[in-house]
Amino acid sequence: MPRWFTLAAAAVVVAHLAICATAGWPKGMQQVFWNPTVLYLPDQSRAYVLGGRISGTDTPPYAINDVAVLQLNYSFSVADANTASVQPAPFSLPSPDYRMAGLISQTAANSEEYTVVLLSGLNTGGVPPPRTYAINNLLHATDVSVINAVTTVPGFAYLGSPAWGSTVKPIVGGSSNSLVSDPAAYFYGNWSTVNNELFRLTFGGKLELVNINTSQPMPPPSGWGSLVRYNLTHLLVAGGNPGDNAAPKVPEIWLCNLVSNAWSKVLAAFF
């Protein structure tokens with residue numbers, strides 16, 4: 001057997017062993033956890049799972065700072081710690097967190113250049129206050145940088161546990177539409193001081209209050225709902241807690257038009 005072939009085969013074996021050694025869920029995710037943030041990249045058939053709340057404990061640290069990378073063109077198991085299509089990312093969150101809000105910008109369709117902005121600390125009671133992170137060049141990132149150490153909304157002491165979207169897809173550039181050229185993540189309501197305000201996180205890491213058309217019907221004040229970016233110009237908000245755990249949950253679905261900044265009710269009761 002030629003020596004070059006032996007060396008090449010050995011190199012392949014070493015590379016395979018290196019991949020297998022890093023395969024599997026990160027250590028912090030090898031337990032029951034919930035409310036991570038998922039960055040879904042359809043063009044790459046890949047998803048990043050960031051953080052999460054450890055189930056069954058209120059003892060700090062009760063959140064995770066690990067990040068996992070899922071290859072979605074292969075099967076994987078949440079029950080198998082060593083599943084081959086999942087591996088730890090080469091970076092982790094600056095601190096353990098869960099239920100973070102995310103925003104992804106993709107330079108152009110089919111581009112491999114992604115930039116991520118994250119809003120953390122939405123479930124800490126304001127101590128420490130929310131702050132924004134950036135992950136530049138996501139596919140090749142090795143760290144997470146802090147944009148703003150304190151991220152608040154003028155006039156609001158604290159934005160806590162609003163309606164949010166746990167899974168985020170990229171907003172693709174290359175359009176003159178202002179909602180594309182100025183991408184943002186949106187949140188509805190608040191838990192610490194229950195309200196029916198709409199907030200937006202800009203790509204620069206600034207948290208803003210959206211000026212809603214109050215002459216139109218509006219959703220009831222709540223926190224802990226679900227929010228979906230239905231398309232570039234519309235949001236869907238469902239459910240929520242009206243501020244009292246003993247009270248009935250909000251059973252409605254509302255649609256927000258981001259061009260007219262007006263709400264309309266889609267469904268009066270879904271449970």
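The values are calculated or read from the model by the stated rules, or taken from the named source; none is laboratory data. Given the structure is predicted, the values throughout are model-derived calculations rather than measurements. Backbone-built Cβ (ideal geometry, glycine too); neighbour counts: all protein chains shown. The protein model used for the area step is the full one, side chains on, heavy atoms only, and it has no ligands, DNA or RNA in it. Shrake-Rupley method; radii C 1.70, N 1.55, O 1.52, S 1.80 Å.
Residues in the range 110-146 that are assigned to a strand (DSSP E or B) and within 16 Å of residue 185 (Cβ to Cβ): 114, 115, 116, 117, 118, 119, 120, 131, 132, 133, 134, 135.
Here residue 123 clears all of (1) at pLDDT 90 or above; (2) in contact with a Gly (Cβ under 9 Å, 6 or more places away or on another chain); (3) more than 16 Å from residue 200 (Cα to Cα) except the condition numbered (1). Does the range 201-214 contain at least one residue that is hydrophobic (A, V, I, L, M, F, W, C) and within 23 Å of residue 41 (Cβ to Cβ)? Yes, there is a match, as at least one residue in the range 201-214 is hydrophobic (A, V, I, L, M, F, W, C) and within 23 Å of residue 41 (Cβ to Cβ). Yes or no: the range 95-103 includes at least one residue that is open to solvent by 40 Å² or more (accessible area, probe 1.4 Å) and under 28 Å from residue 183 (Cβ atoms). Yes: one or more hits. The residues of the range 138-151 that are open to solvent by less than 70 Å² (accessible area, probe 1.4 Å) and either among the hydroxyl-bearing types (Ser, Thr, Tyr) or on the phi > 0 side of the Ramachandran plot (or both), listed by number, are 145, 151. Among the residues of the range 207-261, write down those that are more than 13 Å from residue 188 (Cα to Cα), touching a Ser or Thr at 6+ places or on another chain (Cβ under 8 Å) and part of a strand (DSSP E or B). Residue satisfying the conditions is 257 alone. Residues of the range 180-231 that are free of Cβ contacts under 8 Å to residues at least 60 places away in the same chain, within 20 Å of residue 252 (Cα to Cα) and of a type in the set (D, E, K, R): 197 alone.
Considered as a group, the residues in the range 86-109 that are in a loop (DSSP other than H, G, I, E, B) and at pLDDT 95 or above include one that is nearest to residue 203 (Cα to Cα), and that residue is 93.
Scanning the range 186-202 for residues that are crowded, with 24+ Cβ neighbours inside 10 Å and aliphatic (A, V, I, L, M) yields 198, 201. So, residue 196, is that one modelled with pLDDT of 90 or more and part of a loop (DSSP other than H, G, I, E, B) or not? No; evaluated as a whole, the condition is false for this residue.
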